[in-house]
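Inspection log for the structure reproduced underneath, given as structure tokens.
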Amino acid sequence: MNYIVDSVDSALKLLSLVAEHPGLGVTELSNRLGINKSRTYRMLCTLEHNRFVLQDERTTTYALGPQAFVIGVAASQQNILVRAAQKSMLVLNQAINETIVLRVREGLETVCVARCETTHQVRSVGAVGNRRSLSSGASGKLLLAFAQDAIRNEFFARMKHLPAAAEPMAFAEELAAVTRKGYAMSAGEVTSGAVAIAVPVRDVSGEVVAAISISGPEARISRIEIPDYLERLQACSREISAELGYVGAPGAEASNVAPPANRVA
């Protein structure tokens, strides 16, 4: 039996769309949702009445309102993973002054659930709530590499139909290498000139539940810094995993510190 309330489902999808794409008007929002304009407008009025969205009177576009912020703060405080990660992420961020990001898998996408920004003016652009394909960036590849077989099979089944998709066999081999090494790296995949290093975070069962990464421009994260940053990131991951109840074999990552000799992958 389906207990989904269609009107609530549509309103929540609309709210999520505003969150992910602020600055859209009624027409664009209705087109993206596939809902007629008048119904979309009524839902926006309801969300605005409850302070979940705000309309810019000058541009007649929408963005999240103060109540959405209240919900977001409450979610971060109640989320066990984010709560466990915040302190360790901040310590690492302050130690190296680069952006630290925590991402989880949701379907065939990754979602940023926590982020500590660098103070440098040149930085990777992003925000909590940002979504990406599992094939994008170091965190996506890492989460896909450690995902269950059913998830990987679904990903590769869809990958075949994408016009700009990478060669599946080569990508599968890259994922296998990520699993062996215990970390993933990317260069210029999401943002031109940016480098990212990602390692897994595990829960009490040993399952990989998140990817934590360091990202920044190649000018600051060069081959000289990568081994040190990877070691620091792995230590941070161990702290967060321990907070979640995971007890791993000590020293298991020691052989994975050196990056590939030929290129940043």
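The values are calculated or read from the model by the stated rules, or taken from the named source; none is laboratory data. All figures in this text were calculated on a predicted structure; none of them were measured in a lab. Cβ coordinates were reconstructed from backbone atoms using ideal geometry, including for glycine residues, and neighbour counts include every protein chain displayed. For the accessible areas, the whole protein counts, side chains as well, though only heavy atoms, and no ligand, DNA or RNA atoms are used. Shrake-Rupley method; radii C 1.70, N 1.55, O 1.52, S 1.80 Å.
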What nm value, rounded to one decimal, do you get for the distance between Glu207 and Ser192 when each label is placed 7 Å out toward the C-beta?
4.0 nm
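Report the charge-dipole magnitude of the range 70-194 in Debye, nearest 20, computed about the Cα centre from +1 at each Lys and Arg Cβ and -1 at each Asp and Glu Cβ.
Numbers: 14 positive and 10 negative charges, 51 e Å.
Result for the range 70-194 is approximately 240 debye, rounded to the nearest 20.
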In the chain, taking the dipole from +1 charges on Lys and Arg beta carbons and -1 charges on Asp and Glu beta carbons about the Cα centre, the listed residue (Val128, Ser241, Val82) farthest towards the positive end is Val128
Over the range 6-69, how many percent of alpha carbon pairs lie in each 10 Å bin up to the one with the longest distance?
24, 65, 11, 0
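Can you sort His49, His120 by solvent-accessible area, 1.4 Å probe, largest first? All intermediate terms of the calculation are to be shown ahead of the outcome.
Numbers: His49 150, His120 65 Å².
Solvent-accessible surface, decreasing: His49, His120.
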Nothing charged except the Cβ atoms of Lys and Arg (+1) and of Asp and Glu (-1): what's the magnitude of the dipole of the chain about its Cα centre? Round to the nearest 20 debye.
260 debye
Magnitude of the Cβ-charge dipole of the range 6-69, K/R +1 and D/E -1, about the Cα centre, nearest 20 debye?
120 debye
Percent carbon-and-sulfur accessible area, the chain, ignoring ligands, DNA and RNA, probe 1.4 Å:
54 percent
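Name the trypsin sites (Lys or Arg not before Pro) in the range 52-109 that are in a loop by DSSP and that have at most 14 other C-beta atoms within 10 Å, would you? Let's see the in-between values first.
Numbers: sites: Arg58, Arg83, Lys87, Arg103, Arg105; in loops: Arg58.
Answer in residue order: Arg58.
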Using θ = phi - 60° and Karplus 6.51 cos²θ - 1.76 cosθ + 1.60, couplings along the range 191-208 (whole Hz; Gly, Pro as x):
10, 4, x, 9, 10, 9, 10, 10, 9, x, 10, 10, 9, 4, 7, x, 6, 7
If I model a spin label as a point 7 Å beyond the Cα along the Cα-Cβ vector, how far apart are those points for Val70 and Glu173 in nm?
5.6 nm
Working note, the range 79-244: Cα radius of gyration (Å, one decimal) and Dmax (Å, whole number) are 15.0, 43
Tell me what the chain gives for mean residue ellipticity at 222 nm when only DSSP H runs of n ≥ 4 count, each as -39,500 (n - 2.57), the sum divided by the residue total, rounded to 500 deg cm²/dmol.
-14000 deg cm²/dmol
Tell me which lysines have Cα within less than 27 Å of Lys160's Cα, excluding those fewer than 8 residues away on the same chain?
Lys141, Lys181
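Looking at the range 1-90, which GluC sites (Glu not before Pro) are in a loop (DSSP not H, G, I, E or B) and have at most 10 other Cβ atoms within 10 Å?
Numbers: sites: Glu20, Glu28, Glu48, Glu57; in loops: Glu57.
Of the GluC sites (Glu not before Pro), the ones in loops of the range 1-90 whose Cβ has at most 10 other Cβ atoms within 10 Å are Glu57.
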Rounded to whole Å², per residue accessible area for the chain with a 1.4 Å probe reads 55 Å²
